[in-house]
1. From the list 59, 52, 64, 73, which residue is at pLDDT below 90 and not polar (S, T, N, Q)?
2. Considering only residues that are in a helix (DSSP H, G or I), under 26 Å from residue 22 (Cα atoms) and under 11 Å from the mean Cα position of the chain (by Cα), which ones fall in region 44-82?
3. Residues of region 22-43 being at pLDDT 75 or above and assigned to a loop (DSSP other than H, G, I, E, B), which ones?
4. Among the candidates 76, 97, single out the residue that is of a type in the set (Gly, Ala, Ser) and touching a helix residue (DSSP H, G or I) at 6+ places or on another chain (Cβ under 8 Å).
5. Taking region 45-55 on its own, how many of its residues are in contact (Cβ under 8 Å) with a residue 24 or more places away in the chain and either of a type in the set (Phe, Trp, Tyr) or under 10 Å from residue 86 (Cβ atoms) (or both)?
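The values are calculated or read from the model by the stated rules, or taken from the named source; none is laboratory data. Model, not experiment: these values are computed from the prediction. Because the Cβ atoms are built from the backbone with ideal geometry, glycine has one as well, and the counts that use them run over all protein chains shown.
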Amino acid sequence: MSYNQPPPPPEYGAPGGGYGAVPQGTNQKAIWSLVTGILSLLCCGILFGPVALFLSNTAKKEMANGQPGGGLATAGLVLGIIGTLFGVLQIILLATGNFYFEVN
């Protein structure tokens, strides 16, 4: 019994191209503006609110070139404003004596 020649090995295509450019990450100041905005609502509004405002404004200026994170910066801005207003309201209420904690 005779056997035919084995088939030739498969041909491989041209090597693939590179993976492309590394995608831009989210702006870190936008992330931190959101974090400090949330903290301004939860605890120290008068301390973290202005920090959130500052970080969100600088992040928006840096993101003019198209870096992602604009929504985070906007959310940090809004939360920073609300947190700052709540902090100022707490100070006013404490100063006038209308804000107190009743402990049983």
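1. Numbers: 59 fails: at pLDDT below 90; 52 fails: at pLDDT below 90; 73 fails: at pLDDT below 90.
Exactly one of 59, 52, 64, 73 is at pLDDT below 90 and not polar (S, T, N, Q), namely 64.
2. Within region 44-82, 55, 56, 59, 70, 71, 72, 73, 74 meet the criteria.
3. Filtering region 22-43 for residues at pLDDT 75 or above gives 24-43.
Once the filter is applied, which keeps residues that are at pLDDT 75 or above and assigned to a loop (DSSP other than H, G, I, E, B), region 22-43 yields 24, 25, 26, 27, 43.
4. Going through 76, 97 in turn, the sole match is 76.
5. First, the residues of region 45-55 that are in contact (Cβ under 8 Å) with a residue 24 or more places away in the chain: 45-53, 55.
Those left that are additionally either of a type in the set (Phe, Trp, Tyr) or under 10 Å from residue 86 (Cβ atoms) (or both): 45-46, 48-49.
Number of matching residues: 4.
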